[in-house]
């Protein structure tokens, strides 16, 4: 078994995962799918396709990857390959491919909902990729930094330093320096991933 714990999955590069998948490692395949399934699923959903068709796009994308895993020339750029494949399948469906496009809402509102069903703009797709990269990088941080970043930046309501201090078991005065140190780690991780 190639992968031993869920904790080391975040440390394994895309290139290592793709190469291991090419050698038939099922743990590496599971890790690669887990790493990118949310990003790939979001592409058809943001383009307005329903959940079932988005799941079909997800399945199609990973099936294509499985069929071509040993032919990938730049394994370190697998995220771009996956996004391109999902986007092409989404566009195919939107242009009248084999699947029907479900338009939600009642008959009176159908004409007003068309614009929301257009394919993703390049800017929106790039933003989804950036969000995915940041989410992955945050997942790569040590436990204390990950918890601090999540409490500071991923909550709907701002949490008081006193509550963060209590949750993490650190003094309120150390939150600022820890935040700076953790953000620097996050920055380095993002630079390493390009």
State log₁₀ I(q)/I(0) for region 141-194 at q = 0.18, 0.22, 0.28, 0.29 Å⁻¹ as given by the Debye formula over alpha-carbon point scatterers of equal weight, solvent excluded. -0.57, -0.81, -1.15, -1.20
Distance between region 25-70 and region 168-194 - C-alpha centres, whole angstrom: 31
Quick calc, residue 80 & residue 147: beta-carbon distance into FRET formula, R0 30 Å, rounding 0.05, result 0.45
So how do 29-41, 142-154 stack up, highest first, on mean other-Cβ count within 10 Å? 29-41, 142-154
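Taken together, the values in this text are just the output of simple stated rules run on the coordinates, not laboratory data. Just so you know, these numbers come straight off a predicted model, no measurement behind them. Neighbour counts are summed over all protein chains in view; Cβ atoms, including those assigned to glycine, are modelled from backbone coordinates with ideal geometry.
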